[in-house]
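Participant: Below are the structure tokens for one structure; questions will follow.
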Amino acid sequence: MKDLALPIEITGIQGGHAGGSWSLVVNRDYEGLLAKLGVVSFADLYDLAGGTIVKKQKDRSVLRFERGGAVFFLKRHEREKQQK
């Protein structure tokens, strides 16, 4: 059994677009699973369909996903509204 008191090994995924750049911190234990699910960028993760809302507040929500034999949670902050 894995010792949950040990530090989490993380990896970074970085990218950018015309409006700015982004970075995503991923627990290495889930890096392979996310790649198998086609999640290789921030947009892939943010736009992941499905999931069950566990908590919803004004500008953020927590969703529970079951994919590839694993359960994980995703905290989403609402995207900034485009200024006119």
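The values are calculated or read from the model by the stated rules, or taken from the named source; none is laboratory data. Given the structure is predicted, the values throughout are model-derived calculations rather than measurements. Positions of Cβ are generated from backbone atoms using ideal geometry, with glycine treated the same way; all protein chains shown enter the neighbour counts. Remember, those area values only see protein heavy atoms, side chains included, never the ligands or the DNA or RNA. Shrake-Rupley method; radii C 1.70, N 1.55, O 1.52, S 1.80 Å.
Participant: For segment 63-73, which positions are surrounded by 14 or more Cβ atoms within 10 Å (Cβ to Cβ) and either at pLDDT below 85 or among the aromatic types (Phe, Trp, Tyr) (or both)?
Facilitator: PHE65, ARG67, PHE72
Participant: Can you find, within segment 24-42, the residue that is least open to solvent (accessible area, probe 1.4 Å) among those that are closer than 13 Å to LEU74 by Cα and assigned to a helix (DSSP H, G or I)?
Facilitator: LEU34
Participant: Taking the stated definitions as given, is SER21 open to solvent by less than 70 Å² (accessible area, probe 1.4 Å) and at pLDDT below 80?
Facilitator: On the way: open to solvent by less than 70 Å² (accessible area, probe 1.4 Å): no; at pLDDT below 80: yes.
So SER21 fails the test.
Participant: Identify all residues within segment 43-62 that are within 10 Å of the chain's Cα centre (by Cα) and open to solvent by less than 80 Å² (accessible area, probe 1.4 Å); write none if there are none. Write out each step before concluding.
Facilitator: Of segment 43-62, the ones within 10 Å of the chain's Cα centre (by Cα) are 43-48.
Matches in segment 43-62: ALA43, ASP44, LEU45, TYR46, LEU48.
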